[in-house]
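Engineer: The structure follows.
The values are calculated or read from the model by the stated rules, or taken from the named source; none is laboratory data. Owing to the predicted nature of the structure, the values given are computational and were not obtained by experimental measurement. Every residue, glycine among them, receives a Cβ derived from its backbone with ideal geometry; neighbour counts consider all protein chains shown.
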Amino acid sequence: MLIMQQRRGRLLDPDGKRPLGICHLVSSRLPVMHPGSSSMLIVLMIAVLALIFGPSIWVKLVMRANATEIPDMPGTGGELAGHLISRLGLDGVIVESSAAGDHYDPSARAVRLSPGNFEGRSLTAIAVAAHEVGHAIQHHNGDRHLAARTQLAPVANTIAKVSVYAISLAPVIGLITRHPVPFSLLFMLGISGLVARMVVHLFTLPTEWDASFGKALPILIEGQYIAPAEQQIVKKVLRAAALTYFAAALADILNLARWAAILLRR
């Protein structure tokens, strides 16, 4: 233990002979972090962040890298989507440009493309248009996985929004009531909503993969809409399109862990 010399008010080491400096005193109270442990922790953190953010970053990079306009492309993404809808007999399905991004809306029976893909003459535009038409084909064929996603996704998104408010209010309610039960209920409600949306995103992956490789790619190759030299690039873009929701699910995992870490410290 540290010894205080009464007459001079100096801190001495345990043998009472040498005075201790302030740096020695502070360092003696800090936990020791071994170099090997800190390195492993940094590597683990980088690996986790790469796992969570890697797919999302990769999707954006692939889409952007192949969005270069090709002047001799026969048509735009929007024109290809309209052509495929007519050719495949998907009566009642429309094509629209949407600021909300690329998606298929089963309730409106609408293939919606971002302005860049709707008007673009690039491999990204062509592949994404074919992918969204793939969802229209699934809908036309009565695909049960697409039907389940259509029913679950809006509910899960609404619950997730409510969950964020519930988690935000949990500490406030806990302070007001001074009781753990209201805090715990709001906390569990919030976490459950985020988990529900994460599960829906993971459930979506087979549907997205089928739209890309069960529908879009065969149509593009058999219809000779892309040259043989372009097939590998289009496959990469279709893979990125299929993994969009998977990347969102990983982001939900990070969001879930972040909220849990914040609230469990309280």
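Engineer: Being assigned by TED's automatic domain parsing to the domain that holds Q138 and under 30 Å from M73 (Cβ atoms), is that true of even one residue in region 186-199? Please lay out each step first, then the result.
Structural biologist: Within region 186-199, the first condition is being assigned by TED's automatic domain parsing to the domain that holds Q138, and the residues that meet it are 186-199.
Add one more test, that the residue is under 30 Å from M73 (Cβ atoms), and what stays is none.
So far as region 186-199 goes, no, none of its residues is assigned by TED's automatic domain parsing to the domain that holds Q138 and under 30 Å from M73 (Cβ atoms).
Engineer: Looking only at region 119-133, which residues are out of contact with any Asp or Glu (no Cβ under 7 Å at 6 or more places or on another chain) and buried (at least 20 other Cβ atoms within 10 Å of the Cβ)? Before the answer, list the steps.
Structural biologist: If we filter region 119-133 for residues that are out of contact with any Asp or Glu (no Cβ under 7 Å at 6 or more places or on another chain), which is where we start, we get 119, 124-127, 129-131, 133.
Across region 119-133, the qualifying residues are T124, A125, I126, A127, A129, A130, H131, V133.
Engineer: To continue, here is another question. With a cut-off of at least 1 residues that are at pLDDT 75 or above, closer than 18 Å to K161 by Cα and in contact with a Ser or Thr (Cβ under 9 Å, 6 or more places away or on another chain), name the helices (runs of 4 or more DSSP H) lying wholly within region 178-266. Steps first, answer last, please.
Structural biologist: Details: elements: 180-209, 217-222, 231-242, 244-264.
Those helices (runs of 4 or more DSSP H) span 180-209, 244-264.
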